[in-house]
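The values are calculated or read from the model by the stated rules, or taken from the named source; none is laboratory data. Quick caveat, the model's predicted, so the values are computed rather than measured. Heads up, the Cβs are rebuilt from the backbone with ideal geometry, glycines too, and the neighbour counts pull from every protein chain shown. For accessibility, only protein heavy atoms count, side chains too; no ligands or nucleic acids. Shrake-Rupley method; radii C 1.70, N 1.55, O 1.52, S 1.80 Å.
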Amino acid sequence: MLNKVAAFIAGNRLLDREAKHLVAVSGGADSVALMLVLRRLGYDVEAAHCNFRLRDAESDRDEQFVVKLCQEQSVRLHLIHFDTKIYAEVHQVSIEMAARQLRYDYFEQLRQDIGAGMVCVAHHQDDAVETLLMNLVRGTGIHGLTGIRPRNGHVVRPLLCVSRAEIVSFLDSIGQSYVTDSTNLVPDVVRNKLRLEVLPLLRTINPAVSANIVKTARCMAEVERVFNQSVESALSTLFTDNTVDIQQLLEQPSPEYLLYELLTPRGFTPTQVEQLYDSLGGQTGRVFRSETHELAIDRGRIVVEKRHEQPAALRIPETGTYCYGDVKFRFEIKEGREASKSPDCATLDADVLKFPVTIRPVQTGDRFCPFGMKGSRLVSDYLTDRKRTIFEKRRQLAICSADGQIVWLVGERTDQRFAVGDATRKVLSITIVKNDKTE
């Protein structure tokens, strides 16, 4: 037992012998064995125990057992009590998820407070097998077939190299007692059903099923490393300026999975990814939304952007400098009729355009008379001709006269009706201010 764990720690570079480490101790066989093994291997450890107040007297029994054990082993113990049910209600999560969030948040804060290197938890081979089977039952990809990782940030699992039977045998050999969580003995949740019913049945088919599943998980972990490198390389080439060229995507060996890897971190569900993939040959303009992002199919491209709230219109009563969202505008009246040629500055006839004016996003049905063109055009048609995406169209700003006519499609064109001409005596200059340190 000691040799296997020592080799596993070294092989995965889990623990620094010069550092202090925190061990999560529930009082069950796994965590008790973990603390004792690490101490026998010469590591400096402190223990942490969480009382979630979920099992009445049994929870208090576990706490008392851990207190006594740490006293006997001369291990410093950190205790905390949680009102897990109230936390679950407030955060609208399951009891299981509430307990997980509470303990890992506590462990990380305690780790920092005591200057510990790692938080050691007692997951073992059987836990890894159960996790893989749970993922398989629920539906999973390559990542879910790798079991439990030896390390996740500052959380390490030194016992993943041994089985539950080996752990119990070790404790029996040294005469060490432990407590048993009675809720683990009832097949009422998925993990318990797998542990108490499914795995025993699988062992009647092959007694080595757990060891074989662990070997498979290790192989899948190696496959995952190669796969991740390939996916990252492909996405770095395909995903540029928040867009993906659909034709280039479809030329990849697994375009749908690349979409999955690109979009699930941005909040899109596997079902949405599947729907998007089925829509790639469809018409431009279809939009998909997650809680944080939006994407659209746009002229042979997939465009992905963070969701933004549309700002309200801003009324400008007189000359001066005004901020609209992240954009700063300067309004000035100048003598003469010199016209600007910069896309960041509009010069309009100040006698034709009177204050107040308004800054707002463009709206459906907006029209204007683009300078240099004949007649009026829908703003949406003009922006389509300019090859703007649906999101760029939505963000497009317009400056409007008091009666609502667009006088400047910001950054694009002014309106012919308000243009500087031979009769102009003074101009209203509207400038987008960039990095102006004089303001």
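Only helices at least 27 Å long along their axis, Cα-based, and averaging -0.5 or more on Kyte-Doolittle count here, so list those DSSP H runs from the chain.
Length and hydropathy pass: 209-238.
Please report Rg over Rh for the range 55-165, where both radii come from the alpha carbon positions and Rh follows the Kirkwood definition.
Answer for the range 55-165: 0.99.
What is the gain in length, in nm to one decimal, between Arg315 and Arg289 on full extension, counting 0.36 nm per residue of separation less the C-alpha to C-alpha distance?
6.2 nm
Using a Förster distance of 56 angstrom, determine the FRET efficiency expected from the C-beta separation of Arg40 and Gln229, and round it to 0.05.
Given R0 = 56 Å and the Cβ-Cβ separation, E is 0.90.
I need the calculated FRET efficiency for the pair Ala402 and Ser254, taking r as the beta carbon distance and R₀ as 45 Å, to the nearest 0.05.
For R0 = 45 Å, the calculated efficiency reads 0.20.
Seen from all sides and averaged, what is the projected area of the convex hull of the Cα atoms in the range 326-439, in nm²?
Quarter of the Cα hull surface area: 7.6 nm².
Too long at a 30 Å Cα-Cα cut-off: which of Lys393/Lys426; Lys68/Lys193; Lys20/Lys68; Lys85/Lys193?
Lys393/Lys426; Lys68/Lys193
If all Cα-Cα distances of the range 143-283 are sorted into 10 Å bins from 0 onward, what percent lands in each bin, rounded to whole numbers?
Bin by bin from 0 Å, the calculated values are 9, 25, 27, 20, 13, 5, 1, 0.
Which percent of the accessible area of the range 236-340 is formed by carbon and sulfur heavy atoms (probe 1.4 angstrom)?
44
Provide the packing ranking of 270-276, 63-69, i.e. peptides ordered by the mean count of other C-beta atoms within 10 Å per residue, highest first.
The most tightly packed comes first, giving 63-69, 270-276.
Please quote Rg/Rh for the range 191-258 to two decimal places, taking the Kirkwood radius as Rh and restricting both calculations to Cα atoms.
1.27
Counting only protein heavy atoms and a 1.4 Å probe, tell me what percentage of the range 41-106's accessible area is made up of carbon and sulfur.
After summing per-atom areas, the C and S share lands at 47 percent.
Which whole-number value in Å² is the accessible area per residue of the range 158-309, probe 1.4 Å?
58
Given H placed 1.01 Å from N in the peptide plane, which residues other than close sequence neighbours of Phe368 have an amide H under 5 Å from its amide H?
Arg377, Val379
Taking log10 I(q)/I(0) by the Debye sum over Cα atoms at q = 0.06, 0.07, 0.13, 0.14 Å⁻¹ straight from the coordinates, which label in [x] -0.47, -0.60, -1.13, -1.25; [y] -0.23, -0.31, -1.20, -1.41; [z] -0.27, -0.37, -1.34, -1.50 is the correct one?
Comparing each candidate, only [x] matches the computed number.
Ranked highest first by the average count of other Cβ atoms within 10 Å around their residues, in what order do 351-360, 46-55 fall?
46-55, 351-360
Ranked highest first by the average count of other Cβ atoms within 10 Å around their residues, in what order do 223-236, 381-394, 30-43 fall?
30-43, 381-394, 223-236
Tell me, what ³J(HN,Hα) does each residue in the range 361-367 have, in order and in whole Hz, if you take phi through Karplus 6.51 cos²θ - 1.76 cosθ + 1.60 with θ = phi - 60° and put x for Gly and Pro?
x, 5, 10, 4, x, 4, 10
Which of the residue pairs Lys334/Lys354; Lys328/Lys387; Lys328/Lys374 have a Cα-Cα distance greater than 23 Å in the structure shown?
Long pairs (Cα-Cα over 23 Å): Lys328/Lys387; Lys328/Lys374.
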